Amino acid sequence: MQVVRYRTYGHDQLRPDQQQNFSVSVPLGTHWRVAACKEVDCPHYLLGWRTIVPAESEQAQYLRTLNTSRAEPGARRRFTESRSPVGTAIFTFPPGHKCFRPHKTQTGRPAEFLRSTGPFTVDDLTGATRGPVTFYRPTDWVDLMDGELYKIGRDRQRG
Ligand SMILES: [Zn+2]
């Protein structure tokens, strides 16, 4: 999630009811979807990759099933296997098929332009703002934030 956040003053300088938070949000739940490797220019898809694991490990045993009929639908992969002198198995996957990592891409849904007014708290872990939130059209949001920034600059010049 990309979040641009601007708080007009620090928490220690204003009462909570004087604080406001401008943000642009693209929440994972509504603005992103699962994507295929080729949609996100996945380097593994484009260039291929190698997975190196201990030769006698569960991971190696699992990988060896992926180019057999025992592979689950959609899990089948082409690869070559070689061994290193130190006992590892090197699985080389050629370009052009999906990797093991999940990918996401934006849905194209427009970002949410938000202003939250105090009192509020920001979750340090997620960055989510808790408090009354108002949604704006992008141009109105820019005008509103510009006006607030103007007031801050004016007040600072006055001292
Ligand atoms: Zn990928």
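Taken together, the values in this text are just the output of simple stated rules run on the coordinates, not laboratory data. Being a predicted model, the structure only gives us computed values, none of them experimental. As a convention, Cβ positions derive from the backbone with ideal geometry for all residues, glycine included, and neighbour counts pool all protein chains shown.
Here region 93-120 is the region considered, the condition is being more than 16 Å from the ligand (Cβ to nearest atom) and assigned to a strand (DSSP E or B), and the residue that is nearest to residue 34 (Cα to Cα) is 106. Considering region 29-61, and only residues there that are more than 16 Å from the ligand (Cβ to nearest atom) and in a loop (DSSP other than H, G, I, E, B), the residue that is surrounded by the fewest Cβ atoms within 10 Å (Cβ to Cβ) turns out to be 56.
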